[in-house]
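Chemist: Sharing a structure, written as structure tokens. Questions coming.
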Amino acid sequence: MTPGSELKLWLSAACLAAMLSMPAAAQIAPQVENVPIPANRDSFNLSFAEIKSLSSVKDFEILGHSYFKVPERTAWAKAEGRSGTEVGSGFNTVRVYDGIAYLAGYSFPQTLYGILIADVRDPANMKPLSFIPCNPGARCAYLRVNRQKHILMFGHDAEAASPNKLKPGEVARSGWSFYDVADPAHPKELSFVAAAPGGKTHGMDADDRYVYGCSQYSSDLSREGLQIIDYSDPVHATTVGTWHVQGMSKGEEYGPLDRAGPDGKPQLIQCHEIVYYNDRLYLAWRDAGMQILDVKDRSKPALLGTYDYVPPFHGGFLGAAHTAAPVVVDPGQNPNLVVMTDEIFDCPNGFGRIVDVSDMNNPDVIAKKRSANLQTIATFRVPHVQDVFDYAKKEFYCAAPGGPAGSLSNTTHLPWFDQRSSSLVYVTWYDEGVRVMDISNPFAPRFTGYFLSPRFAGPGKADRETREIFQDPDTNLLYVTDGNGGGLTVLRYTGPIPKNPPLPGAR
């Protein structure tokens, strides 16, 4: 080694040590001004030219939009029995393969209770192909698709407000549906795997053989746990494994970190979202934080590590953690970093974290000889609603300047990595639209581009509800859903793509 290279190595080590000695950096998203919608225009009846002109955009090109005002929408969405104009379909999860979009309807507000399948090969002329209704008394807001096997999978989550009413004495059939979508215009049901009657389901993920679902799989569970389903024979899909946090099942006591929040109120302990990678599950478990499981043996999930930050932080009325997304740099290798997002509407609103999980790669952790050592190395937030503290009242002030407290939904939601660079992350952010982050230096991530749709504020809503984003693996186009009835928008990212992967975790 040359003297010069020794110096460079020493300087690199010194810089890294200096970063680690500092508290986690708090990165602030820039405030983006909304384009005002003219008073005589209905935000749910805009032309494509108006969609583009009334959006706030940096580093994106808007290629297409559809409200998808399909006949299967609810009476509420069609403005039947209420004042105001009709809205489009509200969507949550979106997946796009081979020019076909699979869209899970959203229910807050009540717009669409089912799965819409659409032809999106021409973003300027997207066409509905078929519709699968949710079971009576349920919503179905989460889905996954096995592209090679042409299998659509989605959950049924019991919801009393569903317009697909149950018959007297009936209980909602909660659980997981499997459909053959080789012909997307004519989907065929293959099987159904039940959860507890009238139970809840939520987020999910899948690999080529297994579905991993947040599910109240037993009537003894207080909320959703983990249900693992083998669908290798999709006509006879079956549950092969389950797991839950201690205290969720009847007769159990919660651990000391899962009992009360900083306000003294009971925590919400629930499986919310799941990301599968390399025989591990990264689960966002609301106020229990992130749970990392080894699922090499799907019948016996094993806990590898927990990152629980409630308390000292609060989780609000919905609970804290929304998604824990591993940062995949080397395919097949376990990640060093996880991008975590909250979903907190209480004050202060939810924000994001970048967590160093490199210690998970230590064999001692795998052998369960000691607890995993996980650490937040950066956080990211919005500036204009949740960094204001009223010292007289000793509380955060969460509202736009001059607006009523609690009027905005400025919470992080879903992170999605661009397949061209593990350092490029899109984060959906409710009122704040889509924000782009460069995490090549995860100790100091940078906000760059953004897309804020027109303000699709339906009845009872103050702003847009940007929910989820997905990148087409073939075209790199991005598909963004709005939950208020704003439908689906197709984007092309035009900004810089980071060349370097994120710096690895430090331990």
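Chemist: Find the percent of Cα-Cα distances in the stretch 64-168 that exceed 21 Å, and round it to a whole number.
Modeler: When every Cα pair of the stretch 64-168 is considered, 34 percent fall beyond 21 Å.
Chemist: If exposed GluC sites (Glu not before Pro) are those in a DSSP loop with at most 15 other Cβ within 10 Å, what is the longest stretch of the chain that has none?
Modeler: 254-507
Chemist: For the stretch 55-105, how big is the tail of P(r) above 18 Å, as a whole percent of Cα pairs?
Modeler: Cα-Cα pairs of the stretch 55-105 separated by over 18 Å account for 49 percent.
Chemist: For Phe192 and Gln31, what does the FRET efficiency come to when R0 = 45 Å and r is the distance between their Cβ atoms, rounded to the nearest 0.05?
Modeler: The formula returns an efficiency of 0.45 here.
Chemist: Output the peptides 441-451, 108-118, 410-420 sorted from most to least packed, where packing is the average of other Cβ atoms within 10 Å over each peptide's residues.
Modeler: Ranked from most to least packed, the peptides come out as 108-118, 410-420, 441-451.
Chemist: What order, most packed first, do the peptides 240-246, 453-459 have when packing is the mean number of other Cβ atoms within 10 Å of each residue?
Modeler: 453-459, 240-246
Chemist: Based on the alpha-carbon set only, what is the convex hull volume of the chain divided per residue, in Å³?
Modeler: Given the Cα convex hull of the chain, per-residue volume reads 169 Å³.
Chemist: Let me ask something additional. Applying a 10 Å radius around every beta-carbon, put 132-139, 41-48 in order of their mean neighbour count, most first.
Modeler: 132-139, 41-48
Chemist: Name the aspartates and glutamates eligible as straight-distance cross-link partners of Lys78: C-alpha to C-alpha under 17 Å, and not fewer than 8 places from it in the same chain.
Modeler: Leaving aside aspartates and glutamates fewer than 8 places away in the same chain, those within reach of Lys78 are Asp42, Glu86, Asp482.
Chemist: Beyond 18 Å between alpha-carbons counts as too far, so tell me which of Lys69/Lys149; Lys300/Lys368; Lys58/Lys461; Lys200/Lys250; Lys149/Lys188 fall in that bin.
Modeler: Distance filter (> 18 Å) returns Lys69/Lys149; Lys58/Lys461.
Chemist: Can you work out the Karplus-derived ³J(HN,Hα) for every residue in the stretch 182-196? Use 6.51 cos²θ - 1.76 cosθ + 1.60 with θ = phi - 60°, whole Hz, and x for glycine or proline.
Modeler: 3J(HN,Hα) across the stretch 182-196, in whole Hz: 4, 10, x, 7, 9, x, 10, 5, 9, 6, 9, 10, 7, 9, 5.
Rule-based calculations on the coordinates, nothing more; no lab input. In this text the structure is predicted, and so the values were computed from the model without any measurement. Cβ: placed from backbone, ideal geometry, glycine included. Neighbour counts: every protein chain shown.
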